[in-house]
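The values are calculated or read from the model by the stated rules, or taken from the named source; none is laboratory data. Quick caveat: nothing in here was measured; it's all calculated off a predicted structure. Cβ sites come from the backbone with ideal geometry, for glycine too, and all protein chains shown count toward neighbours.
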Amino acid sequence: MVSRPFPKGVSGNPHGRPISSKHKLGEDFIAALLADFMEHGKAVIARVRQEKPDQYLKVIALIVPKDINLNVDPYGDMTDDDLLAALRMLTKELEALGISFHPTGEAVN
């Protein structure tokens with residue numbers, strides 16, 4: 001059996017933690033950091049980049065989201081009808097230049 005300094009159900013701090021005290025330090029730190037950055041930010045970033053490039057890259061790596069979609073699909077939002085319309089338009093433009101396409105997709109001059 002575990003011995004307890006207080007009986008079960010009785011808190012050692014009957015009035016509890018003051019409201020918002022848990023986040024007060026974090027809020028104060030962020031406010032101070034913002035004020036410092038507003039005054040010195042760009043100059044410090046440049047100095048760190050020049051004098052400590054490893055730390056500069058480390059900060060960038062911490063800021064960049066962990067899950068980045070690096071796939072670029074310019075046609076991903078297009079419907080089949082949109083794709084067909086774009087294909088028809090491109091085909092007309094190429095025909096105006098004297099280029100036609102065989103059904104296999106190869107250019108025929």
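A few notes on this one:
- When residues of the stretch 24-38 are limited to those that are surrounded by 10 or more Cβ atoms within 10 Å (Cβ to Cβ) and over 18 Å from Ile63 (Cβ atoms), the one modelled with the lowest pLDDT: Lys24
- Some residue of the stretch 76-93 being surrounded by 12 or more Cβ atoms within 10 Å (Cβ to Cβ) and of a type outside the set (Gly, Ala, Ser): yes
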